[in-house]
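Below you'll find the structure, written out as structure tokens, and then a few comments.
The values are calculated or read from the model by the stated rules, or taken from the named source; none is laboratory data. Because the structure is predicted, anything quoted here is derived from the model rather than measured. Cβ atoms come from the backbone with ideal geometry, glycine included; neighbour counts cover every protein chain shown. Accessible surface is based on the protein model in full, side chains and every heavy atom, while ligands, DNA and RNA are left aside. Shrake-Rupley method; radii C 1.70, N 1.55, O 1.52, S 1.80 Å.
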Amino acid sequence: MPTSLHLPADAPSQLLPARELMAFTLASHIILVPLGVAFPFITLVMHHRGLRRKDPAALLLARRWSAVMAVQFALGIVTGTVLSFEFGLLWPGLMGRWGDVFGIGFGVEAWAFFLEAVLIAIYLYGWRRLKPRTHFLLGLPLPFAALLGAFGILAANSWMNTPQGFSLDSEGDPVDVDVWKAIFTPMFGPQYWHFVVAMIITAGFVVAGVYAVGWLRGRRDHYHRLGFAVPFTIAAVATPVQFVLGDSIARSVFHKQPVKFAAMEIVWKTDTRVPEYLFGRLQEDGSVKGGIKIPLLDSILAGFSPDTEVVGLTSVPADQRPTALQATIAHWAFDLMVVIGSALVLLALWYGFVWLRHRRLPASRWFYRSAACAGVASVVAVECGWIATEVGRQPWIVYQNMRVAEAVTSTRSTTLWIMLAVVIVVYVFLFGSFLVILLKMRTRWRLADGQRAAGGTVHPPEGDIPYGPRVPLPAADVPSSGGAGGDRP
């Protein structure tokens, strides 16, 4: 998970390509994570609505979303597997020394991955083959399997940020591992719930954004209104909650990782009455260039008082803190995440105001333009959150216990650069294929909807599943038993 664009002078040559390879694969994989974690929940909410209100449009949306969920999951398997291999291949020092302490998180994530694969297969197969209530009940474990996977990954990451649950022997190796303490670290709770709600918000806005574009293009029937309203409502309800959780995790970082907090807020010297900078750039001498300075605000946000003391970067030696460039990167990522989150809160309030006052969806084109952009913006916010988390922790891969340079592989840097180039090419192909498949599915569904609207008999493209029972062929398409070859299999 370590990412950076700046290295100390004595860093091994493998460090930069290893970081960039890990950064690229993680940034690519995390685009899929919101759909993997939260999309099953949104799909089941739509499924429940269809059953409760006997709404065929809601059931059709849920069935189609389940197909998208399966395609996304298949791609997530590939990108997630690459990441799991990279931990061992790129960071053998980390896994070799600390794997026995925090590796259980990866084990939990692997089991959750397999469980989710089985449940998705059952859910897909169950359409039109199981009783409606039975099918829905079999789908209910899906969101919990997704949350279990997130539990494993966040347990590992929060341990890297606030390691505990072990003792060190005379050679500096961990012994006397306490599994429960290693899982439930001080940062686990704030990180986990902040991450889960972020996934719900992102998945909701991404899905709703598709139908917001449809609304702007004139598709305003019940099917498209429902496809927009359900995921957007879920995201809109979760957005103010995330604002509170974001404040909570920032305070946890302030208390548990003060140097990372100093990097995220570009605080150079420990002091009280510290100002807040919006998008400033920290210089090597500790000055801040550019940005908007708001006096006292950083101390007030950290401890509800201008007299709150904020630890600065110079509180530790230079080799134990992020560089000025790293601090600036973490600061910009943090600020951008906060700005996007604030804009999404305003969008949610707009939606809620119109709904509570008029009991209808907003009619403004600007609202739907904003909603169409909200999905992309929320993905950017998720990326920024991970950048702030990982870059702000530098130079530590295990906070205050192991530096990133100590964990990196001894593989030649040239080989790692070649691996990065190959991975980029493969990922471009994979994500391009994913997009092509989604567009083809959309085209088939529109054709089917058009034929249905015209009153023709149509066989829905999502009705059949490979290796499952087929819908009976129309009589005109069934070969007669007589004539040449009529008795052939």
Among the numbered criteria (1) within 21 Å of the chain's Cα centre (by Cα); (2) of a type outside the set (G, A, S); (3) open to solvent by less than 20 Å² (accessible area, probe 1.4 Å); (4) closer than 30 Å to A448 by Cα, which single criterion is violated by M22?
(4)
Just to check your reading of the model, which residue among E406, E390 is within 23 Å of the chain's Cα centre (by Cα), within 30 Å of T185 (Cβ to Cβ) and not hydroxyl-bearing (S, T, Y)?
E390
Any pair with Cβ under 6 angstrom, 6 or more apart, that starts in region 251-274 at a residue that is within 18 Å of P395 (Cα to Cα) and ends at one that is open to solvent by 50 Å² or more (accessible area, probe 1.4 Å) and not hydroxyl-bearing (S, T, Y):
K256/P186
Filter pass, T308 being under 30 Å from V398 (Cα atoms) and not in a helix (DSSP H, G or I):
yes
Test: D169 is among the acidic types (D, E), in contact with a Phe, Trp or Tyr (Cβ under 7 Å, 6 or more places away or on another chain) and open to solvent by 20 Å² or more (accessible area, probe 1.4 Å):
no
For the structure I just gave you, tell me whether F232 is at pLDDT 90 or above and within 30 Å of G352 (Cα to Cα).
yes
Exactly one condition in (1) within 16 Å of the chain's Cα centre (by Cα); (2) free of Cβ contacts under 8 Å to residues at least 24 places away in the same chain is false for R217; which is it?
(1)
Only residues in region 190-210 that are more than 19 Å from A155 (Cβ to Cβ) count as the first member; pair them with residues that are of a type in the set (D, E) and at pLDDT below 95, Cβ under 9 angstrom, at least 6 apart or cross-chain, and list the lot.
none
Go through S342, S370 for me and flag whichever is within 20 Å of the chain's Cα centre (by Cα) and of a type in the set (G, A, S).
S342
Of all residues in region 317-363, which are assigned to a loop (DSSP other than H, G, I, E, B) and open to solvent by 30 Å² or more (accessible area, probe 1.4 Å)?
P317, R321, T323, R359, R360, L361, A363
Go through (1) open to solvent by 60 Å² or more (accessible area, probe 1.4 Å); (2) out of contact with any strand residue (DSSP E or B) (no Cβ under 9 Å at 6 or more places or on another chain); (3) at pLDDT below 90 one by one and return the number of the condition G246 breaks.
(1)
Picking from G50, G36, G80, the residue that is open to solvent by less than 30 Å² (accessible area, probe 1.4 Å), touching a His at 6+ places or on another chain (Cβ under 8 Å) and outside any loop (DSSP other than H, G, I, E, B) would be G80
Any residue in region 431-442 that is in contact with a helix residue (DSSP H, G or I) (Cβ under 6 Å, 6 or more places away or on another chain) and either modelled with pLDDT under 85 or β-branched (V, I, T) (or both)?
yes
Evaluate region 58-69: report whether one residue or more is more than 17 Å from G375 (Cβ to Cβ), open to solvent by 20 Å² or more (accessible area, probe 1.4 Å), in contact with a helix residue (DSSP H, G or I) (Cβ under 6 Å, 6 or more places away or on another chain) and free of Cβ contacts under 8 Å to residues at least 60 places away in the same chain.
yes
Looking at (1) open to solvent by 50 Å² or more (accessible area, probe 1.4 Å); (2) farther than 30 Å from H194 by Cβ, which is the only condition L16 fails?
(2)
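For every residue, the table says whether it meets (1) open to solvent by 20 Å² or more (accessible area, probe 1.4 Å); (2) assigned to a helix (DSSP H, G or I); (3) closer than 30 Å to Q320 by Cβ; (4) among the acidic types (D, E).
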{"position": "I200", "(1), (2), (3), (4)": "yes, yes, no, no"}
{"position": "G209", "(1), (2), (3), (4)": "no, yes, no, no"}
{"position": "Y223", "(1), (2), (3), (4)": "yes, yes, no, no"}
{"position": "G227", "(1), (2), (3), (4)": "no, yes, no, no"}
{"position": "T233", "(1), (2), (3), (4)": "yes, yes, no, no"}
{"position": "K269", "(1), (2), (3), (4)": "yes, no, yes, no"}
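Let's see how each residue does on (1) at positive phi; (2) in contact with a strand residue (DSSP E or B) (Cβ under 8 Å, 6 or more places away or on another chain):
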| position | (1), (2) |
| --- | --- |
| P143 | no, no |
| L148 | no, no |
| F151 | no, no |
| Q164 | no, no |
| S167 | no, yes |
| D173 | no, no |
| D176 | yes, yes |
| V179 | no, no |
| T185 | no, no |
Only one residue in I397, I437 is of a type outside the set (D, E), in contact with a strand residue (DSSP E or B) (Cβ under 9 Å, 6 or more places away or on another chain) and within 27 Å of V37 (Cβ to Cβ), so which one is that?
I397
From (1) within 23 Å of G375 (Cα to Cα); (2) aliphatic (A, V, I, L, M); (3) surrounded by 17 or more Cβ atoms within 10 Å (Cβ to Cβ), pick out the condition that doesn't hold for L216.
(3)
Filter region 375-428 down to residues that are in contact (Cβ under 8 Å) with a residue 60 or more places away in the chain and among the basic types (K, R) and give me whichever is surrounded by the fewest Cβ atoms within 10 Å (Cβ to Cβ).
R412
